[in-house]
Structures are given as structure tokens and as C-alpha cells.
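Comments concern the structure below.
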Amino acid sequence: MKLFTLLTGFGLSLMALNGDKSDLSSASKWQQPAAGTWKLELGNADAELRYTDLAAEKPRIKAINQIGQSKFPFAESAIKTLKSADGKIMVRIPCSADEKIYGFGLQMKNIKSSKKVLELKVDHWKLGGGRTHAPVPFYISSKGYGVFFNTARYLKVYNQLGNRKDALTNPPEVDRNPPPSQKDKQPGPWQALPSADAVEALVDAEGLEVLIFSGKTMLEVVQRYNLYCGGGTLPPLWGLGFWHRVPAAFNEEECRQEVADFEKHNIPLDVLGLEPGWMTKSYPCTFEWQTERFPDPKKFTQDMLSKGVRLNLWENPYMSKDAKIYKDMYPHAGSHLVWLGIVPDYNQKEARELITEQHYRDHVSIGVSGYKIDEVDGYDHWLWPDHATFPSGVSAESMRQTYGMLMQKMFYTDLFKKHNTRTYGLVRSSNGAASALPYVLYSDSYNHAEYITGISAASLGGILWSPEARGARNGREWLNRIQTVCFSPMAMLNAWATGAKPWTHKDVTEPVRDVINLRMRLLPYLYTSFADYHLKGIPPFRAMILENGFGEAKSKVIAGKLDSETNPYAMGQIIEKNDQYMCGPSIMVAPFYEEQHSVRSVRLPAGNWYCFYTGKFMGNNKTIKVTAEELKNRIPLFVKEGSIIPMLSDNINNSREAFGHDLELRLYGKKAATYALYEDDANSFDYLKGTYGHRIIHCDPKGEISEQASKGAALFGKISKVRVMTQ
Ligand code: GAL
């Protein structure tokens, strides 16, 4: 086997595992593009597509530098590489046994990846093991650094598994079946998975780019990653309102009726999502309006807009022979069909022009606000095979890893940014470097606990997740799901198959309406939280492990029971507790879900925490029990000491009413606080040119406020009410 050594800049070197001196790559030096950020290219990295090639925006180097300096997190020569006998590239990043590894994208069951082998591949959610809608090849260590494998290929990672014979820190051997005399002399219990001292990543590619981010905290690491990928996305304000997707075969009249029913039930609505039936043909798709159902799309779209309701159109990328642009697209499509539709290669300019010109003409120019990009994930049995070919020469594997990103980037750039109008939409696959793309992931899975975990998992890899509500067995479940939805990046009911409405379960219509109203009232807070995502890389919804004072994700270890057929190694199970998360800088959300329909425990991190609704002191660094009854059927929300929450002073039914609307300011705790309220025009891309500002608001415990006006565009109105929420 041939092994290689790499000598690098900064006095850091990469060593081959056996000390062989030949280079794996000529461009093998570490570069430092920004503070706390290092980049290394192995092999011919330029021959491969990088995820950052598809990032919406350029790295925000200045913002990364503003976080401050941070040291390279490893000892010299600690990172090793080799080229395997069959030509694959391996990178070995040291990692101690007590280090926790988090991330790798939208892993639905847990956020910790320690002691796991993952094959990161874009797929539907069912198979697990790293196959997921967004297998972001980025992990974060509890020691304060993150590693990003920036090459659009399948990647296999061995996290703290795979003990090497020359490792210095292998755990001692334990006799699994000691004789009675040796029983007490074992160094510990026998482990089916002895801890190894590294994360090893393997890729079958000509080259691999590796990025390392470091920071004082895991949050700083995430910030640097997001900022390197262009910063977080900033949706238009309407994107943060309430979304409702109608049944697949709805026609114009039914849609109008649905909107009227929302008005009648006094329930907010900002976006109406049309599912496949809006098109002349779907699976494969034509992308053209079905005039039997929508006789005058322009009038319909404009009528909806006049009520403040935006349209979002479902589509999948696979193009039918009946599409008017089919013939022109044919030469720009890959070798294989999906659902008998051609698969356009959007790495080609001609293909991008064809589709975006058609989309602009038929949809965007008449007022359509965005898309739900479906089916850009797996499974193997319905996507193109790994040996498919594409006219751009990009491999089938890289196409699979990036198809969702390609579409997001193309729509973002050529349909919306080009016309200086923001969009916000949905996509069913994404990957590394996606943070600045204005799309939220969703799934056909429907486990509420996993949907909540998804919010945390997404925050570790620059993606957003919608725990969409589709239906429920009873009112309690419905309320729980809508409550989670209202505290997520996209508050959406997807009734494509169920026909559900917010008022479907009459017993809970009132609290359902209340939580949607609360979402709307929180628009100023949510919008500023997204601005922090854009400007500082701080995810608007975040895993608790990124929060000071929480410690590691609480998990339950279930001891394994020996069974020669089903569990011969007596493997245990770790059940993580990821059922609470942060919303913006100050609010902790702990939804009711599953069997815990109306009672649950909540872990309050260190620091004083107050009930959002009453201002009652709830505790500091302890676990408490909350019930829906005591909360009057509201979602459990806790606010950190010294926080200001800006809200609209009363309920609104559409985000356009938020413009110029009076604010209510709430101060939680006994200390004075300052808050920087972000404002811009909430619709265009002018903020990227600096047309935005912050209103600096100071509030003391007596409720006295002072305010420094923003230099940017005004968005919200005056502060007409101040509430000091301390009991
Ligand atoms: C599924 C998608 C659903 C819905 C449906 C329409 O693939 O996940 O949300 O859009 O297609 O056919």
C-alpha cells in the first residue's frame, strides 16, 4: 500500500500514517482564508465540485474576522492522510474518547454522531446511517472546532471507531468471558465499540477540500461555518408568516374559498402553497399552468396578492415530453429518466436559461413568490443510477449530492435576486454550504419527536427544517404539532393529502389560533433573529448544545440485553433528549409531543429562566415539569434573564400589517437590557448593499426605555407598550 506525507504551511504538517514522504497533492498547504478558518486541498481538489461552488453568496470574511482570532485546534502533524490501495482519499482527524461529535446534517433521530459510521448520501429519510435529505459533511466537536469536507461526493465517516494498531490511546482489552478468578480484575466492562482516537473520512474522488473552523464555543464554530458559506439566509418578512398548502387537486375556486375560510376563521395567512395539480401534468412535470383548474393564473395570483397572500408552487425537476421547453432541454439532460421525465443538467448555462426564462414568464412575472422543490432526494430505486452521465461531465454521484442545491441556487440567483425580490421556499434535499439559500427542508416522514430533533440537527449544519403539520389523530396532537410548527423556521400546514385546516379539530381551534397569532406578533423578534443568522451566522433556531449553561445533550442509556439472535454483542442504546431548542437569542421552546401529549419535563440551563407568558421565575439549572393545563394549552416557552422581546402590539392576519405596526416590548428578569432591532425593506436585496439598520433599544427594570433610531429603512412602528415580565 502506498502512503503519503504532506508538508504544509503555518508549521503544521500532515503526516502519512507510516511516514512515507511522497505528496498526495502538489497543492497541499493549509491556507487561512479568515480568522479561525483553515483550508486544505488534497489531491486534485479542483477536479471535483465543491459545495461552496453552489453557495448563494461569497464567504463573509469580514464577519468571520470580527468573531476574533482562534487557534488551530490540533497539534502539529496530528492530521493524517492517505490514499488507499484502491485510490480513495482518507483524512484522519484526531479526536479523544471524551470528545463529543455532533452534526452531519439533518440526522432525524439524534444530533450526536460519536461512535457511528455514517455514509453521507442524499436520500429519503428511511434508511438512516447517514442517508438523509441533507447529509451535510460538517461536524462539530465539543472541544470547539468543526470540520467541513467540501467535496460533493458520497463520504464515509468513521467517528471514533476503527482502532489502529499503532494508536497510543486505545482502551485496554477486557476479557468478555473471564473465568471466576479474573472477573474482578477486568479494567472495566467489555465494550462492543471500543473508542478509537480519530474521525476518519473516506472519499472516492480525485481530490478533497477540507476546512477547519475553530472557536471559543461550539456556537462560534457554527457561526464561522455559516459565514464562510455566505452567511445565513434572510427571508422576506412574509416568509415568516403562516403558510398553508392546499390539497393536490384543488382548483382556483377552491383556493379562493380556502383563503376566504381563513378570513372567516380569523386565522393569519401569508402564503398559499399549490401542490401538483396546478400543472398540466406532473411526475414528470410540465411547469405550465393547468388552465382547466386555473383558467386565468395572472388574475388569480394578482387577486391573492391584493389580499397579501403569496403563491408558492410545487414542482419536481423531472420534465415531461409535454413541456413546451422539453425539446430544447433534451440535449442538456442526463442519460437517465426519473418517472420517465428527463433530468436537466443545471450545471449548464443553457439549461438554466431555458427553465428560468420559462419560470419567469409563466410564474414569477405574474407574481408567484417561490417554489417547493420536491423529489430532489433519493431513493436509489427512483433516482438516476450512479453510472448515469450528464452533459456537463459532472458525475452522477456529485449530481445526486447537489441536485437540490443546484435548483436552490439557480432559482435564488436567476429568478429572484436578478429581479431584486427575495423568495422563501421549500426543498427536499440540500447539503454543505447551503446556509445562504432561502429554502427550508421537509420530509414525508412524520414522527413528531424526530421533527423536533430536526430543528436542532439542522442548526448544526447551515440548513433550516420545517416540522410541517399534515394531520393528527386528535385535537391534542394537532395542537402540539401546530405549536411546534409556529416555533420553527417555516410555520406551515401541508394539507396536500389530508385537506386539514387549522380549525379541523374544533376542540383546539382557539389555542391553535392563539399560537399562530403569537407567531405573527413575534415577527419583529424572528426577523431580527434571521438577520443575526445572515450577519453573524447565528442560527435562528438552535440546538441546546449551542446554548451556554446547557451542557451536553441529555441522553438516556438503555443497557443492551444479550440475545444470540437479535443482540449477540449486547449492544446498548442511547436515546438523546433533543426535545427542546432555542428560538432567537432568548426564547427556549419545549413543545409537547407524542405520548407526552400534555405534560413533560424541561431542562432549564444555568441562568435564570422566566415563563414567557407570565414572567414567573421558573428556575435556574434544573429540571422542571410543565403541564398544558397550567399553561392554559399554550406551548411551553421560557425566556432568559435580561432579555428584551419585541412584539407587535396586537394580532395581525397578514405580515403586510406588520409594516409600521406599533410594538410591545417585554423585558424579562430583573436586569436592564439592550436589544438591537433589525430593520430593512423586508422584501428586496438592498440589504446586501448595506441598506439596513438596527434600532438600539434600552429598557430598565422599571420599564423606562430609551431608543437610538436606526440609520436604515424603517420597518416597524413606535414602541407603544412596555411590559416588565418579572413576578
Ligand atoms: C411529496 C411531498 C408532499 C407533497 C406530495 C405531492 O413528494 O413530500 O409534501 O408535495 O409530494 O404529490
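The values are calculated or read from the model by the stated rules, or taken from the named source; none is laboratory data. Small disclaimer: the values here were computed from a predicted structure and weren't measured. Backbone-built Cβ (ideal geometry, glycine too); neighbour counts: all protein chains shown.
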Just a yes or no: is a residue in region 452-459 buried (at least 23 other Cβ atoms within 10 Å of the Cβ), within 30 Å of Ala260 (Cβ to Cβ) and of a type in the set (A, V, I, L, M, F, W, C)? no
Can you tell me which residue is farthest from Leu54 (Cα to Cα) among those in region 427-453 that are polar (S, T, N, Q) and away from the ligand (no atom under 11 Å from the Cβ)? Asn447
Restricting region 654-684 to residues that are part of a strand (DSSP E or B) and small (Gly, Ala, Ser), which is nearest to Leu272 (Cα to Cα)? Ala676
Go through Leu274, Leu269, Leu311 for me and flag whichever is crowded, with 20+ Cβ neighbours inside 10 Å, in contact with a His (Cβ under 7 Å, 6 or more places away or on another chain), of a type outside the set (Val, Ile, Thr) and under 17 Å from Ser369 (Cα atoms). Leu269
Going through Tyr527, Tyr533 one at a time, which residue ends up being at pLDDT 95 or above, touching a strand residue (DSSP E or B) at 6+ places or on another chain (Cβ under 8 Å) and either more than 16 Å from the ligand (Cβ to nearest atom) or closer than 23 Å to Pro247 by Cα (or both)? Tyr527
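Residue-wise test of (1) touching a residue at least 60 places away in the same chain (Cβ under 8 Å); (2) surrounded by 14 or more Cβ atoms within 10 Å (Cβ to Cβ).
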{"position": "Trp503", "(1), (2)": "yes, yes"}
{"position": "Pro511", "(1), (2)": "yes, yes"}
{"position": "Asp514", "(1), (2)": "yes, yes"}
{"position": "Leu522", "(1), (2)": "yes, yes"}
{"position": "Thr528", "(1), (2)": "yes, yes"}
{"position": "Gly549", "(1), (2)": "yes, no"}
{"position": "Thr566", "(1), (2)": "no, no"}
Tell me whether region 581-604 contains one or more residues that are among the polar types (S, T, N, Q) and either within 21 Å of Arg521 (Cβ to Cβ) or touching a Pro at 6+ places or on another chain (Cβ under 7 Å) (or both). yes
Out of region 454-493, which residues are among the charged types (D, E, K, R), part of a loop (DSSP other than H, G, I, E, B) and away from the ligand (no atom under 16 Å from the Cβ)? Arg473
Only one of Leu219, Leu234, Leu272, Leu227 is modelled with pLDDT of 95 or more and part of a strand (DSSP E or B); which? Leu272
Odd one out for Pro276, checked against (1) of a type outside the set (S, T, N, Q); (2) touching a residue at least 24 places away in the same chain (Cβ under 8 Å); (3) out of contact with any strand residue (DSSP E or B) (no Cβ under 8 Å at 6 or more places or on another chain): (3)
Would a scan of region 344-354 turn up a residue that is closer than 26 Å to Gln302 by Cα, modelled with pLDDT of 95 or more and in a helix (DSSP H, G or I)? yes
Could you list all residues from region 361-402 that are within 16 Å of the ligand (Cβ to nearest atom), touching an Asp or Glu at 6+ places or on another chain (Cβ under 7 Å), of a type in the set (Gly, Ala, Ser) and at pLDDT 95 or above? none
Cβ-Cβ under 7 Å pairs, at least 6 apart or on other chains, region 281-298 side closer than 15 Å to Ile366 by Cα, far side part of a loop (DSSP other than H, G, I, E, B): Phe287/Ala323; Glu288/Thr280; Glu288/Ala323; Glu288/Lys324; Phe294/Asn251
Out of all the residues in region 133-148, is one or more farther than 20 Å from Lys39 by Cβ and free of Cβ contacts under 8 Å to residues at least 60 places away in the same chain? no
I need every pair where a residue in region 607-631 that is among the charged types (D, E, K, R) has its Cβ under 7 Å from the Cβ of a residue that is surrounded by 15 or more Cβ atoms within 10 Å (Cβ to Cβ) and not in a loop (DSSP other than H, G, I, E, B), sequence separation at least 6 or different chains. Lys616/Tyr610; Lys622/Leu604
Let me confirm something: among Pro295, Pro247, which residue is within 16 Å of the ligand (Cβ to nearest atom) and either part of a loop (DSSP other than H, G, I, E, B) or closer than 22 Å to Gly341 by Cα (or both)? Pro247
